[in-house]
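Down below is the structure, laid out as structure tokens.
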Amino acid sequence: MPEHFDVVIVGTGAGGGTLAHTLAPSGKRILLLERGDYLPREMENWDPGPVSVDGRYISADTWHDADGRAFQPQVHYFVGGATKLYGAALYRLRPQDFDELKHVDGVSPAWPLSYDDFEPYYTKAEWLYQVHGEHGADPTEGAWSKQYPWPAVSHEPRIQQLVDDMRAGGYHPFPAPCGILLDEAERARSTCIRCTWCDGYPCLVHAKSDAETIAVRPALASPNVTMLVNAEVVRLDTDASGRSVSTVVVSRAGNREEYTGDIVVVAAGAANSARILLRSAGDRHPKGLANGSDQVGRNYMFHNSKAVVALSKEPNDTTFQKTLGLNDFYLGAGDYDWPIGNIQMVGKSNAEAMKGEEPKLTKLAPKWSLAETARHAVDFWLTTEDLPLPDNRVTLGADGNVKLTYTSSNDEEADRLYHELKKLLNHVGIAQHHVLGKNFYMHMSIPVAGCAHQAGTCRFGDDPTTSVLDANCKAHELDNLYVVDTSFFPSIGAVNPALTAIANAIRVGEHLLERL
Ligand SMILES: Cc1cc2nc3c(=O)[nH]c(=O)nc-3n(C[C@H](O)[C@H](O)[C@H](O)COP(=O)(O)OP(=O)(O)OC[C@H]3O[C@@H](n4cnc5c(N)ncnc54)[C@H](O)[C@@H]3O)c2cc1C
């Protein structure tokens, strides 16, 4: 007989890990099934060679694009999921993101719930994930009921200068919300040493508010919570009526295992959650589980993003660079009526990472010149919303793995955002290259393999013909199946997705506590 649990959760990232944390105090028997293992704590965590050049923590998975070309997706199979590598920039969506919003290439649809419905869960998420920030500083943010638990992380001198210059130029920079375990008033109590290795690197000292540190480990302290690692869920079977998931089928150490749960939650990340449901096709669900509407896997989004490096005349000796955000162009710019997105800083670039990310451009550059270039680099991340297009979708390839069909949208908005950044940099005098004496930027649009912000493949909604999940993230077509990761997003907005996934996991968790 398969072992039975009250709740089986597939995946331990922002969605699954936070859900387990919410349910743990109930005393109900909870099983976490995680495809990966614990991410090893080793010196390589903080070494750009292994991390950025060799891709040491990127899964060995092979996915295919619409033309059948194989690529290695930037996904991370570990306890804590993608949050083990994330930059912990924990933004709320804007209230307008929950409403219908018109873009140059089409409409970003309304959510079945409003910003006000989400607000209490955003607050709980910010307190659970120890977010540093300053509500009230960003003119575009929605109402908030409680200040962040920690004051904003202080800017280092070069970034403070940038903030001052922006303000003098009439811009409205604000302190970016950061999920790190830092106590600047009493450094001795900090786990965080305020290093440069936050964005895109695992934290060796567990000072980043990732799902393993904040949610999974504390949940496992409850005797009613069990986790199996290296346990890949391969399919979900239903009972004869097709209304309930009866068996969770797992591949662990080459063996097939089965588990049962009163409630089954899929939180494997947007692409893999769709994959699991599509692979679970059966007599009652011939197109895949919960897929009578043919919506599972569709509406895949991952942001229209650009990484931009500006080389300034003065050196930039910042270590923790991610303290500044700018939403002045979130809903438009000057004569341009369409929303265009968010500007924030990314982790400080270094010579090794530049080589990894731009192998062609940097191939002939001597090491000293790359190091010098990196020293003068000021690094930005530009995010424009991409639209939930039905033909942008996850399907199953011939090998049973993910096939990702994706065409970008809102490219004009993304280009406009880049244009606004260049204007701003001219304004604040950062655009002069220290050697060339003229404007110099390196910029890179993020390719389909850079699926860090993947979302939307099982969207929630009131209409079962156009959505997979109801407002509680329960599958319309099943009584005990939930999806609680970024899959549920009907649109993605133009800020980083993790806080919304975390807030939603707490929201659904509280619903499940009532149901249980
Ligand atoms: C480099 C990087 C930087 C980022 N920076 C930010 C940031 O600064 N701010 C932000 O908001 N977001 C950021 N993100 C995105 C953020 O990490 C994700 O949006 C978030 O983690 C998504 O949560 P999730 O629960 O949907 O999926 P995940 O966190 O990826 O969790 C999915 C889990 O499911 C497991 N799994 C997959 N398939 C199976 C299976 N078949 N069986 C069992 N388990 C399975 C995976 O191993 C994983 O643990 C970043 C991501 C990356 C990669």
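Coordinate-derived values only; no laboratory data. As the structure is a computational prediction, the values presented were derived from the model and not from experiment. Heads up, the Cβs are rebuilt from the backbone with ideal geometry, glycines too, and the neighbour counts pull from every protein chain shown.
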*Compute the signed sum of charges (Lys and Arg +1, Asp and Glu -1) over the other residues within less than 14 Å, Cβ to Cβ, of residue 423.*
-3
*Kirkwood Rh, Cα atoms: Rg over Rh of region 195-252*: 1.17
*Could you quote the convex hull projected area for region 53-150, Cα atoms only and averaged over all directions, in nm²?*
9.9
_Test of understanding: express the Cα radius of gyration of the chain as a ratio to 2.2 N^0.38 Å, with N the residue count._
0.94
*How much net charge surrounds residue 210 when only other residues with a Cβ under 11 Å from its Cβ are counted (Lys, Arg +1; Asp, Glu -1)?*
+2
_For region 439-488, take N as its residue count and report Rg(C-alpha) divided by 2.2 N^0.38 Å._
1.70
*For region 3-139, give the share of DSSP beta bridges that are antiparallel, in percent and rounded to the nearest 5; count only bridges with both residues there.*
50
*What does the charge dipole of the chain about its Cα centre add up to, to the nearest 20 debye, if the Cβ of each Lys and Arg holds +1 and the Cβ of each Asp and Glu holds -1?*
1020
*Pairs of alpha carbons in region 95-218 whose separation is greater than 16 Å (percent)*: 71
*Considering region 207-299, what Rg and Dmax in Å follow from its alpha-carbon atoms?*
15.2, 48
*Over 27 Å between C-alpha atoms is what I'm after, so list which of 124/322; 102/208; 322/423; 124/287 land there.*
102/208; 124/287
*Relative packing of peptides 315-324, 141-150 - highest average C-beta neighbours within 10 Å first*: 315-324, 141-150
*Working out 0.36 nm times the residue gap between residue 513 and residue 110, then minus their Cα-Cα distance, what length gain in nm do you get to one decimal?*
142.4 nm
*asked:* I'm checking a number: the convex hull volume of the Cα atoms of region 137-278, normalised per residue, in Å³. What is it?
replied: 221
